[in-house]
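The values are calculated or read from the model by the stated rules, or taken from the named source; none is laboratory data. Keep in mind it's a predicted model, so treat the numbers as computed, not measured. Using ideal geometry, Cβ is built from the backbone for each residue, glycine included, and neighbour counts are taken over all protein chains shown. Heads up: the accessible areas ignore ligands, DNA and RNA and are worked out on the full protein's heavy atoms, side chains in. Shrake-Rupley method; radii C 1.70, N 1.55, O 1.52, S 1.80 Å.
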Amino acid sequence: MFFNVIKRSVRTGIKNVNNYYLVRLSSGSSSGHNDEIKDALDIEANLFENSLLQHQPVSTREALRKHKLTLISKQKPASHKKPVAGSTTATSALPRNVPTPTVKRAPAPLIKDSELNLEFTRLTLQDPLMSTLLTEVRSRKRRDNNKQIIIEGRRLIEEALQCRLKMHSLFFSQRDQLALLRERVAQAQQEDNTKIYKVPQHDLKTWSSLVTPPGLLALFERPSTRGIQQQQQLGSEPLPITVVCDNIREPNNLGSIIRTCAALPCSQVVVTHGCCDPWESKALRGGCGGQFRLPIHDDVTWEQLPLHIPPEVADHCHVFIAENNPKKPENLAGNTVDYAEVGQTGVHNILIIGGESHGVSEDAYKFMQLVGSRGKCVYIPLAAGMDSLNVVSALTLILFELRKKLTNKTN
């Protein structure tokens, strides 16, 4: 009686799911109607294929007996003929080094959408091709070696295409989302031979880092320093400011720092060793395209930092440390000033910003001491009871104050 009730409930659920998908898909375009129905049925099969199985108590003795019979059957030779005289075992007469037959997968169908002027391949549910492509980019080590990044969402993909990043592959589950980018995607497919794949929403959700997948996911080539510098020549001239990130462990904060630096704009951002990855998904979303618009040097040690300063201005740099506690650097008395009272700025200026929890490291203070009197710790006065500002808020105040000083100096 109990299992009959469960069967009726599951059948009702399957029927409701079928009706739901058919109603939704009936409003879509006719060209992708059959594909969407097949995707829905594939997902439904994965969800309900085991729901009708009844639980039966298993006897331990019976299970062991079946397991023993299975082992015995595996040890029997493939041929039932008697073993050859002189052989020690029956299996010695079996042929060796026999290759295991491989099952060839049928090639995925290529669909030409004349309305969107695009060609894409339709992948089935849990197609291994998608996992093969995305696994390489999910690992930071492999991502750095291949110089690739994963970008999710229509707006961020559009930003990357606008900045002329090369798109290797694009995965989509909803045709209407692809239609919003059809012109730029068609251009990328013609110029860069971009591969486009139609995948079930279930697969896209599996690989997405978001709770609600936006329906678009793309693999891009990481922007080169030369390409970004060419873009900077077409836009606003960057200010002579290098922002150095130290102990930034939160990807959203690092992405927002890069976004602020791109909005100023700064000359470059240096991410020291120990910070989070500026090219991972959360940092890219926090940057809102900032990573595509200014040079970023990541995983840089303090010994390597001088190599990223323009050599023609290296002897005339000013170094500033954003300090949330003016009493912290005891051995730097007299070198801590209010951010609004910063006096002179240099031909090039280096601003070091630390994380909210750990602040800047001792290496940052040692680096500042290398420039002597041209090094300052700057702090932002706060009301009583408030310890510090968010790292992005503090950086924004100091950067725009430096921009005001540099602009007045130029005028």
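Name the strands (runs of 3 or more DSSP E) wholly within segment 95-183 that hold at least 2 residues that are at pLDDT 85 or above, of a type outside the set (Lys, Arg) and more than 27 Å from residue 211 (Cβ to Cβ)?
Values: elements: 110-113, 118-122, 148-152, 167-172.
Strands (runs of 3 or more DSSP E) meeting the threshold: 110-113, 118-122.
I need every pair where a residue in segment 269-286 that is more than 10 Å from residue 301 (Cα to Cα) and polar (S, T, N, Q) has its Cβ under 7 Å from the Cβ of a residue that is modelled with pLDDT of 95 or more and assigned to a loop (DSSP other than H, G, I, E, B), sequence separation at least 6 or different chains.
Taking only residues 6 or more apart or on different chains, not a single pair turns up.
May I ask you to list the residues in segment 153-191 that are under 24 Å from residue 229 (Cβ atoms) and of a type in the set (Gly, Ala, Ser)?
Keep residues of segment 153-191 that are under 24 Å from residue 229 (Cβ atoms), which gives 156-168, 184, 187-188, 191.
Across segment 153-191, the qualifying residues are 160, 188.
Quick check on segment 147-170: of everything there that is closer than 21 Å to residue 251 by Cα and not aliphatic (A, V, I, L, M), which residue is most open to solvent (accessible area, probe 1.4 Å)?
From segment 147-170, those closer than 21 Å to residue 251 by Cα are 147-157, 159-160; that's our starting set.
Cutting the leftovers down to not aliphatic (A, V, I, L, M) gives us 147-148, 152-155, 159.
Details: 147: 107, 148: 36, 152: 18, 153: 11, 154: 72, 155: 184, 159: 54 Å².
Only one residue fits best here, namely 155.
Looking at (1) part of a helix (DSSP H, G or I); (2) open to solvent by 60 Å² or more (accessible area, probe 1.4 Å), which is the only condition residue 386 fails?
Exception for residue 386: condition (1).
Among residues belonging to segment 287-311 that are touching a residue at least 60 places away in the same chain (Cβ under 8 Å) and open to solvent by less than 20 Å² (accessible area, probe 1.4 Å), point out the one that is nearest to residue 254 (Cα to Cα).
Per the stated criteria, the residue is 291.
Looking at the structure I just gave you, is residue 391 more than 30 Å from the chain's Cα centre (by Cα), under 16 Å from residue 243 (Cβ atoms), modelled with pLDDT of 90 or more and surrounded by 20 or more Cβ atoms within 10 Å (Cβ to Cβ)? Don't jump to the end; show me each part of the working.
On the way: more than 30 Å from the chain's Cα centre (by Cα): no; under 16 Å from residue 243 (Cβ atoms): yes; modelled with pLDDT of 90 or more: yes; surrounded by 20 or more Cβ atoms within 10 Å (Cβ to Cβ): yes.
For residue 391, the condition - more than 30 Å from the chain's Cα centre (by Cα), under 16 Å from residue 243 (Cβ atoms), modelled with pLDDT of 90 or more and surrounded by 20 or more Cβ atoms within 10 Å (Cβ to Cβ) - is not met.
Report, by residue number, each residue of segment 192-231 that is assigned to a helix (DSSP H, G or I), free of Cβ contacts under 8 Å to residues at least 12 places away in the same chain and under 18 Å from residue 159 (Cβ atoms).
Within segment 192-231, 230 is the sole residue that qualifies.
How about segment 171-230: which of its residues are open to solvent by less than 30 Å² (accessible area, probe 1.4 Å) and over 20 Å from residue 149 (Cα atoms)?
179, 186, 200 - these are the residues of segment 171-230 that are open to solvent by less than 30 Å² (accessible area, probe 1.4 Å) and over 20 Å from residue 149 (Cα atoms).
Does segment 248-259 hold any residues that are in contact with a strand residue (DSSP E or B) (Cβ under 9 Å, 6 or more places away or on another chain) and surrounded by fewer than 21 Cβ atoms within 10 Å (Cβ to Cβ), and which are they? Break it down into steps so the answer makes sense when it comes.
Let us first name the residues in segment 248-259 that are in contact with a strand residue (DSSP E or B) (Cβ under 9 Å, 6 or more places away or on another chain), namely 248-250, 253-254, 257-258.
Selection gives 249, 250.
Return the only residue of 242, 206 being polar (S, T, N, Q) and at pLDDT 95 or above. Spell out how you get there, then give the answer.
On the way: 206 fails: at pLDDT 95 or above.
One residue alone meets the criteria, 242.
What are the pairs, 6+ residues apart or on separate chains, where a residue within segment 111-129 that is open to solvent by 20 Å² or more (accessible area, probe 1.4 Å) has its Cβ under 9 Å from a residue that is assigned to a strand (DSSP E or B) and among the polar types (S, T, N, Q)?
Taking only residues 6 or more apart or on different chains, the pairs are 111/121; 129/121.
Would you check which residues across segment 261-286 are open to solvent by 10 Å² or more (accessible area, probe 1.4 Å), under 23 Å from residue 306 (Cα atoms) and in a helix (DSSP H, G or I) and list them?
Once the filter is applied, which keeps residues that are open to solvent by 10 Å² or more (accessible area, probe 1.4 Å), under 23 Å from residue 306 (Cα atoms) and in a helix (DSSP H, G or I), segment 261-286 yields only 262.
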